[in-house]
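Visitor: First the structure, then my questions, so here it is.
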Amino acid sequence: MLKCPHFLKSSKSARFALMVGLMSTAAAPIVNAEDSYPDHPISIVVPYSPGGTTDLISRILAEGLSKDLGQAVIIENRAGASGMIGTGIVVKAKPDGYTLGMGGSTSLTVAPYLRSLPPYDSRTDLTPIGMVAGGPFILVVSPKSEAQTLKEFVKLARSKPGELNFGSSGIGSMHHILAVKFNQMMDIDATHVPFKGGVESATNLVAGNIDYLFESVSSILPMIQDGRVKALAVTGSERLEALLDVPTAAEATDTDFTGVSFIGLVGPKGLPPSIVNRLNDALATTLSRPDVRTKIQKLGSKPEFIPASKFNEIIINDVEAWSDVMREAKLPKM
């Protein structure tokens, strides 16, 4: 006699319960990982060392985002190669929203495009999420400089072609390319001396090893205030509240010279729109808080939320604009 399978021997009530269970399971909604995002901590890769403007702003935002998203937001500093090492980590990350990056003008629009073989293309290899802040630079010289104003400095530099040196935080940094643009517009012939960071370049300015440099507000403001360096101009469209006696470069030279960097959140290519929207909402909420805005403003930056689509346009336009500067200056590819 053929043996009957065990499940066919079960009682009618058991079989009925099994059928009901299967039907219930089939009818239950499928929970998509995107719908439950985030369900564990998020990492934001900052491609610079701790203590700089991008790092400080990232930490301010991480605290607010943690509250809005209901998960810890952890900052990971991965410095090197003008921000390209950290940004490269984000490019290669899984597009699930748990590895993001805080990009800036240097790492997204300048440094990669000064390479013969760019490690990534910000326009296609990343997902813009939202711009969070922007800020100018300050042109500073040694307090021993003969120039007391920007016009005097330009006149001095033109009278000594090839004799002055300008510093930067590295080849392909915004500090470097902004100085190149300035030299082009002002017809100045000077030599670039790259350093490993803003602190090192500023230290060499104080020591008299270089003649001038452009530096971010948060990094250089204390040195201006204690007299170690002298500020000649701000590269934004308006004066800084902390330095109202320092003119903008445009008003000091009667030109349209400006140079403002941005900071924004990005993710890997292919980040789902639902996750981008979730992060957009959280960023907007965080940046609307007065305490967050005040902290960012104290760093010399302007808190400004710009959503993904507009942020993408800024990246594309800036890549083209800074690439034009590099081509015109005939900067060699690395």
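Visitor: May I ask you to say which residue of Gly86, Gly130 is at pLDDT 95 or above, part of a helix (DSSP H, G or I) and not aromatic (Phe, Trp, Tyr)?
Guide: Gly86
Visitor: Which residue out of Leu178, Leu213 is aliphatic (A, V, I, L, M) and either assigned by TED's automatic domain parsing to the domain that holds Leu56 or part of a helix (DSSP H, G or I) (or both)?
Guide: Matching residue, one of Leu178, Leu213: Leu178.
Per-residue answers, yes or no, for (1) surrounded by 17 or more Cβ atoms within 10 Å (Cβ to Cβ); (2) farther than 15 Å from Ser107 by Cβ; (3) polar (S, T, N, Q):
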{"site": "Val132", "(1), (2), (3)": "yes, no, no"}
{"site": "Thr149", "(1), (2), (3)": "no, yes, yes"}
{"site": "Met186", "(1), (2), (3)": "yes, yes, no"}
{"site": "Gly197", "(1), (2), (3)": "yes, no, no"}
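Visitor: Of the residues that sit in region 280-308 and are in contact with a strand residue (DSSP E or B) (Cβ under 8 Å, 6 or more places away or on another chain) and more than 25 Å from Glu241 (Cβ to Cβ), which one is surrounded by the most Cβ atoms within 10 Å (Cβ to Cβ)?
Guide: Within region 280-308, the match that is surrounded by the most Cβ atoms within 10 Å (Cβ to Cβ) is Ala308.
Visitor: Counting only residues that are of a type in the set (Ser, Thr, Tyr) and outside any helix (DSSP H, G or I), how many does region 304-334 have? Give the derivation first.
Guide: Let us first name the residues in region 304-334 that are of a type in the set (Ser, Thr, Tyr), namely 309, 323.
Filter again for outside any helix (DSSP H, G or I), leaving none.
The qualifying residues number 0.
Visitor: Then there's this: Of the residues that make up region 212-221, is at least one at pLDDT 95 or above, over 20 Å from the mean Cα position of the chain (by Cα) and surrounded by fewer than 21 Cβ atoms within 10 Å (Cβ to Cβ)?
Guide: For region 212-221, residues at pLDDT 95 or above, over 20 Å from the mean Cα position of the chain (by Cα) and surrounded by fewer than 21 Cβ atoms within 10 Å (Cβ to Cβ): absent.
Visitor: So if I check each of Ser145, Ser105, which one is touching a strand residue (DSSP E or B) at 6+ places or on another chain (Cβ under 7 Å), touching a residue at least 60 places away in the same chain (Cβ under 8 Å), under 30 Å from Tyr37 (Cβ atoms) and crowded, with 18+ Cβ neighbours inside 10 Å?
Guide: The unique qualifying residue is Ser105.
Visitor: Out of Glu163, Glu146, I need the residue that is more than 16 Å from Thr53 (Cβ to Cβ), part of a loop (DSSP other than H, G, I, E, B) and touching a Leu at 6+ places or on another chain (Cβ under 7 Å). Which one? Write out each step before concluding.
Guide: Numbers: Glu163 fails: touching a Leu at 6+ places or on another chain (Cβ under 7 Å).
None of the others qualify; the one that does is Glu146.
Visitor: Further question: Between Ala81, Ala93, which is surrounded by 12 or more Cβ atoms within 10 Å (Cβ to Cβ), modelled with pLDDT of 95 or more, over 25 Å from Ser288 (Cα atoms) and under 18 Å from the mean Cα position of the chain (by Cα)?
Guide: The unique qualifying residue is Ala93.
Visitor: Could you pull out the residue among Phe195, Phe257, Phe182 that is touching a Ser or Thr at 6+ places or on another chain (Cβ under 7 Å) and among the aromatic types (Phe, Trp, Tyr)?
Guide: So the residue among Phe195, Phe257, Phe182 that is touching a Ser or Thr at 6+ places or on another chain (Cβ under 7 Å) and among the aromatic types (Phe, Trp, Tyr) is Phe195.
The values are calculated or read from the model by the stated rules, or taken from the named source; none is laboratory data. Because the structure is predicted, anything quoted here is derived from the model rather than measured. Neighbour counts run over all protein chains shown; Cβ positions are idealised from the backbone, glycine included.
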